[in-house]
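Written below as structure tokens is the structure these notes are about.
Where a number appears in this text, it was derived from the coordinates with a stated rule and is not lab data. Everything quoted here is computed from the prediction, not taken from an experiment. Quick reminder, even Gly has a Cβ in these numbers, built from the backbone with ideal geometry, and neighbours come from all protein chains shown.
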Amino acid sequence: MPETNVDIQPEMTMQEIMGVVPAAQRALFQRYHVGGCSSCGYEPTDTLAKVCKDHNLLDVTGVVQTIILAHETDQKMQLLPATVKEWLDAGEVGRFLDVRTPDELALAKIEGAEALDYDNSDAYMQLPKETKMVFFCHNGDRSLDVASYFIGHGFKHAYSMRGGITAWSDDVDSGVPKYEV
């Protein structure tokens, strides 16, 4: 399991912070509406202190804590492929959802996974909030965003498979092709 203790300092650039805590951008946007568009954006070379100053966020310590909390939350949502396989074999997963693009789906698939139907997202929102869902993508980044989205909409058991289909191929089923996008 990756380290959950992170050290974020106001003097760090946003690029440095994103390297340590990929969830930082999502956390800043969700909590403070910072970084989601051109009017509230920042440069990768801006320090956290500058971003806070430019967006009138006076509690820099609180901003740091928001980033750290987002990181800790992300860590709890991520599952190793072997754990996902155990859960699937035990019938403990309600939905095993592939969030990759149609072009990626044509390159490789995990048996038993269903493609997330982006055109029918309401159907997922109507599922019981206790439904255990595991999302995956190519490398685990997009699926973590999707799992976070579902958590944000009240789902109690939304997870992302760490390392995506590539890690599944490495750790669970080498018959699943690897590819580059």
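Only one entry in Gln25, Gln15, Gln65, Gln30 is among the polar types (S, T, N, Q) and in contact with a Ser or Thr (Cβ under 7 Å, 6 or more places away or on another chain), namely Gln15. Scanning the range 95-102 finds one or more residues that are without any contact (Cβ under 8 Å) to a residue 60 or more places away in the chain and in a loop (DSSP other than H, G, I, E, B). The set of residues in the range 84-104 that are of a type in the set (A, V, I, L, M) and either surrounded by 15 or more Cβ atoms within 10 Å (Cβ to Cβ) or in contact with a Pro (Cβ under 7 Å, 6 or more places away or on another chain) (or both) comprises Val84, Leu88, Val93, Leu97, Val99.
For Ser148, the conditions (1) within 24 Å of Ala27 (Cα to Cα); (2) in contact with a Gly (Cβ under 9 Å, 6 or more places away or on another chain) are fulfilled apart from (2).
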